[in-house]
Amino acid sequence: MADEIEVDNTHGQPGFDRDAPAAVRVVAGAGDRIALETSDEAYRQMDERRDLAAVTATINPVTGPVYVQGAEPGDALAVTVHEIRLTDHGWSIYLPGVGALARSMGPEMFVRRVPLDDAGVHLTDRITVPAAPMIGCIGVAPAGPAASTVMPSYPTGGNMDLTDARPGATVYLPVEVPGALLSVGDIHAVMARGEASFVAIEAEGTAVVSVDVVKGLRLRAPRIDTGDEIVFVGLGDPVQESIARGYEDAFAFLTGEHGWSAGDAYAVLSACAHSELGGPTGSTTPDPLHPLTPIGAVTLHRLPKALL
């Protein structure tokens, strides 16, 4: 196996930015393995200080960007996740007022350091579950202003918090700037779909990926090939618009990219494409007075590859 190109977490960025200098340059399709190390410094400070206002580290930084020679606006960047290496601990964090359990958890911050080892993820003294590492925040630079790594999610990716962005999967992202400028962060050791708490078992780690380009594949939102399914990401406000956009992209995939008739695509999607809520970060820029309150919805629409 070829040597990995290591990008450590000193290259952490607070956003997806077309003006950010490249941490590394690779050639699309060359097969280079890029090892991107993420950071949990913000969670360590939360544990030490128990006060979000006292945290000085960037929250949810992404490592990069990776300039991909051959990626041009109008293409899709194909990011294959080969491996995610975890460290020896993760974090379960409750931020007051954030997430579906805010009313239940109340006004006090909760921080738990969660051991990670060969036995799995030690959630409590009694409950250990297998690790299922995934990338919470993955995206490329938008053509416009820098995109947040916290919320919302964007057509170019971002903090989507999708369990499908895991080893063995390929994430497809719309390219808007030359070189794409890929960045990765927010690794989780394990996460329930939807991440209702807003913060799952966060963990520092290293994501090993390779990149290729699909020329002229003008995606309007990310999609993921898990090996068994094609997952289409819907972004919209209200949730019904997000659902419609995700299904429209699945329909266009079948009719435009695979030559199916409209009737065949309609019948199969109606019968076999399952939908669900995605991550909690929303699809529209939050109110500045409530920066951790999501607006709109991220939805997922799953098409079994066995039907293609």
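No value in this document is a laboratory result; all are computed from the given coordinates. As the structure is a prediction and not an experimental result, all values here were calculated from the model. Glycine gets a Cβ as well: all are built from the backbone with ideal geometry, and neighbour counts include every protein chain shown.
Rounded if a/c is under 1.5, else prolate if a/b is larger than b/c, else oblate: which is the stretch 1-45, with a ≥ b ≥ c the root eigenvalues of its Cα gyration tensor? Here the stretch 1-45 falls in the oblate category.
Ellipticity at 222 nm from helices only: DSSP H runs of n ≥ 4 in the chain, each -39500 (n - 2.57), divided by the residue count, give -3500 deg cm²/dmol. In a reduced charge model with +1 at each Lys and Arg Cβ and -1 at each Asp and Glu Cβ, the stretch 5-222 shows a dipole moment near 520 debye about its Cα centre.
By the scheme Lys and Arg +1, Asp and Glu -1, what is the net charge of all other residues having a beta-carbon under 13 Å from that of G194? Computed value for this residue: -3. Of the peptides 136-143, 213-220, the ranking by mean beta-carbon count within 10 Å, highest at the top, reads 136-143, 213-220. When only alpha carbons are used to place a centre, the stretch 130-172 and the stretch 1-80 end up 11 Å from one another. Taking a ≥ b ≥ c as the square roots of the Cα gyration tensor eigenvalues, the stretch 100-147 comes out oblate, since a/c reaches at least 1.5 and a/b does not exceed b/c.
Under 8 Å for C-alpha pairs, at least 6 residues apart: give me the relative contact order for the chain, rounded to a whole percent. Please list the in-between numbers first.
Numbers: 859 pairs, mean separation 67.1, N = 308.
22 percent.
For the stretch 84-217, the gyration tensor built on C-alpha atoms gives an oblate shape. Its axis ratio a/c (a ≥ b ≥ c) is at least 1.5, and a/b is not larger than b/c.
Of the peptides 273-286, 243-256, the ranking by mean beta-carbon count within 10 Å, highest at the top, reads 273-286, 243-256.
In units of the rule-of-thumb radius 2.2 N^0.38 Å, the stretch 1-133 shows an alpha carbon radius of gyration of 1.29.
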